[in-house]
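Quick notes on the structure that follows.
Laboratory data are not the source of any read-out in this text; all were calculated from the coordinates shown. Treat the numbers as computed from the prediction; the structure is a model and nothing was measured. Positions of Cβ are backbone-derived with ideal geometry, glycine not excepted, and every protein chain shown enters the neighbour counts.
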Amino acid sequence: MQPIEGRVWVFGNDVDTDLIIAARYLNTSDPAELAKHCMEDADPGFAAKVQAGDIIVAGKNFGCGSSREHAPISIKAAGAACVIARDFARIFYRNAFNTGLPILECAGVSGIQSGARLRVDFDKGVITVLDSGETHVTKPIPPFMQELLAAGGLMPYIKRKLAARV
Amino acid sequence: MTRAMTITEKILADHAGLDAVSPGDLVNARVDVALGNDITAPIAIREFRELGAQKVFDRERVILVPDHFTPAKDIKSAIQVKTVREFAMEQELVHWYEGGESGVEHALLPEKGLVVPGDLVIGADSHTCTYGALGAFATGVGSTDLAAAMATGEVWLKVPETIRFVFNGAPGPWVEGKDLVLYTIGKIGVDGALYQAMEFTGPAIDNLSMAGRFTICNMAIEAGGKNGIIAPDAKTLAYVEGRGLRKHTLFSSDPDARYIKTIVFDCSQIEPQVAFPHLPENTRPVSQAGDVPIHQVVIGSCTNGRIEDMRSAARVLKGNKADRRVRLIVIPATPLVWRQAMAEGLFGIFLDAGAVISPPTCGPCLGGHMGILADGERCVATTNRNFVGRMGHAKSEVYLANPAVAAASAVAGKIAHPADVAGK
Ligand code: SF4
C-alpha cells in the first residue's frame, strides 16, 4: 500500500456507530448520502470540513455499537483516507477491512491534535507527525487482513475462491 | 485426545471441521443461519449481485426480517424493504417475515425455532449475539460478511478468548436478567470484553428464565463481546422442544477449559440498575438515580420485548396511570408476544395506564419511528443502547432499565424503583 499524508481530525473514546452515522439516515445505503451526515452528532460541521485524504484519529473502542456497514462506508465516502485508533470494536474492524477502509491500531496517537499532519506508512506500520518528526510504530495488520486488502476487500477475495471451486 | 475447550471453541471447531481450535486461530466455518434486516440486507444484496452469485447457499438458512423501519416509515425505507422482499421472493427464501408476520428479529428467530443449540449463526445486526442463550455461537457481522455467507454458507472467524462470568447468590425482588447484564457492563466497561467470548454461568444463570438469558446474551455486544453464551440445560431443551426445526447438538465447556479470566458476582448484592446517558456502562442502582424527570418510556426491543417483559411491566402498571408528562409506549417484540399479551389481558392494563401499544418493530429503539425524542427530552427504555442521538435528537437522553423499572418510572414521571409504585 502507498503511504499517505493527511490532516488529522481527533475524536475521543468509544465513538459509537450512531455518532459515525446516525440511524435516522439509514433509510438509504447510498454512500454519497451517508457521507453528508458522517460524524454529525459528534461534530455537526465535520462532513463539510473534511477533505479527501484526511485522517481520523481516536481513542479506544472506535466504532462500538451496531453492525451497520454504513459507518465505514460513510467515513470512506466523506473522503477520510484512514482511521487510527487505540483499538476498534470488532464488527467495525471487520467491516472496515471488508469495505476497504484502511484502519490502524495505535496507542501512541492519543497526544496528536486536530489539524496536525501525519504520514502513514502502512507497510512499515510507521506513523510520523510531520511538524514534529515524532514517530509511532503500530501493530502490523494481521496477515489475513493484509490478504483481504491485497485482494481489494472481502468480495474480490470470495470471488476468487468461488472461481477456484468450479 | 483433543485439548480441553470452552463451549465457544467447541462450536467453532465443529463448524470448521477441526478436532480442536485455540484462541487466535483463524477458521473458515460453516454457517447454520445467516440473517439480515431492512437496513443491512440491501447492501448485502448489492454485494451478493456484484459477486456474480446466482443462488443463496440454502434457501432455508438465509433469513431476512424487515423490522427496523417497518411498517415502512417513509419512502426511502419502503424502497429498502422492497429491495429485500424482491430478493427473498426471487431466491424463494423460506423464512421471510413481513407485515403481520414480522417481529424484532432476535425475538422472532428463537421463538420460531429457527436457531437451535449448537448452531453457528451470523447476522448483519450486532445483537445477533442474543442466540447465545440457546447454547449457540452467534455473532454480529456487517453486510459484506452477510453477502459472502449468503453465497458460500461460510464465514471466516477468529477464535476468541473467553471470559467466564459466574453469577452466584439469588437476585432480590425486581432484579431481572437486564440488571445482571447492566451490572456486568458497569463493572467491565463497554470495551471490557472486546473481541472476546462472554460465557455466563453460575446458579443465578441456572435459575434464570430463557427470557432473562436472552436479555443477558443480547447485551454482550454492549461490552464489546464477540458473543455471549450460556450452556444449554433442561430449560433450553424445554424451550426448543416443539419449536426447533432442526436437529440440535449440545455443547458445554470442559471443566479444565482455559479462560482468559473468571469474574465472579454475588447477585444478592445487585439492585435494579439504570444506565445513564450516554453509554451502557454508566450504570447506577435505581436507588441512587436521584431526581431524573422523564418524558417518555419505551418497553420493548430485542432486549426486553418478550412476554415475560410484558408481564413484568403489567405487574407494575396494574391499577396505575402513567404521569401526564410521560408518553408510555409498549412494543411487544413479535406477533406471538402481541397475541399472548392480548389474550392475558395485559393490553387492558397498558391502555388503562395511558400507553400506546405499537405493532412489533424496532421503531424508537434506534431512533427510527414510533417515539422519537425532541431536544432535552429524556426516555427510560428497556432497550440496549443509550448513545448520543440513539432515540432522536442529539440533545435527548436515554436511560436503560428493566421493564419493571421503566413502568415504575412512567408512573412516577421520573426514574423510580418498582417497589415504590407497584401495589400502591
Ligand atoms: S430492537 Fe433495537 S437493538 Fe434490537 S435489533 Fe432492533 S434496533 Fe437493534
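List of remarks:
- Eigenvalues of the alpha-carbon gyration tensor of region B:274-422, scaled by 5 and square-rooted, set the equivalent ellipsoid semi-axes at 21, 17, 13 angstrom, largest first.
- Rough spin-label spacing in nm, given labels placed 7 Å along Cα→Cβ, for B:K73 and B:L351: 2.6 nm
- Computed from label points 7 Å out along Cα-Cβ, the spacing between B:L250 and B:V166 is 2.3 nm.
- Highest-first arrangement of B:197-208, B:84-95, where packing means the average Cβ count within 10 Å: B:197-208, B:84-95
- Residue-averaged beta-carbon neighbours from other chains (10 angstrom radius) around B:41-50: 3
- Cα-based Rg / Dmax (Å) for region B:49-191: 17.7, 56
- Per-residue shielding of B:135-142, expressed as the average number of other chain Cβ atoms within 10 Å of the residue Cβ, stands at 4.
- Computed with the Debye formula from one identical point scatterer per Cα of region B:171-233, without solvent, the log10 of I(q)/I(0) at q = 0.12, 0.14, 0.19 Å⁻¹ comes to -0.26, -0.35, -0.64.
- Residues A:K36 and B:E101, FRET efficiency given R0 of 45 Å [Cβ-Cβ distance, rounded to 0.05]: 0.80
- Mean partner shielding of peptide B:187-195, defined as the number of other chain Cβ atoms within 10 Å of each residue Cβ, is 4.
- Amide N of region B:211-254 lying under 19 Å from the label point, which is placed 7 angstrom from the Cα of B:E60 along Cα→Cβ: B:240-250
- Judged by the mean number of other Cβ atoms found within 10 Å, the most tightly packed of the peptides A:33-41, B:35-43 leads the ranking B:35-43, A:33-41.
- Springs join every pair of Cα atoms under 10 Å in this Gaussian network model of chain B, and among B:D352, B:D256, B:D145 the largest mean-square fluctuation is at B:D256.
- The relative contact order of chain A comes to 23 percent, based on Cα pairs under 8 Å that sit 6 or more residues apart.
- Ratio of Rg to Rh over the protein assembly as shown (Cα coordinates, Kirkwood Rh, two decimals): 0.95
- Leading residue at positive end of dipole, the protein assembly as shown (Cβ point charges), from A:S114, B:S409, B:V356: B:V356
- Taking label positions 7 Å along the Cα-Cβ direction at both A:S114 and B:E344, the computed distance is 4.9 nm, reported to one decimal.
- Two-decimal Rg to Rh for region B:8-264 - Kirkwood Rh, Cα set: 0.97
- Spin-label zone in region B:222-264 - amide nitrogen under 11 Å from a point set 7 Å from the Cα of B:K187 along the C-beta vector: B:262-264
- When the alpha-carbon atoms of region A:34-120 are used, the pair Rg, Dmax equals 12.0, 31 angstrom.
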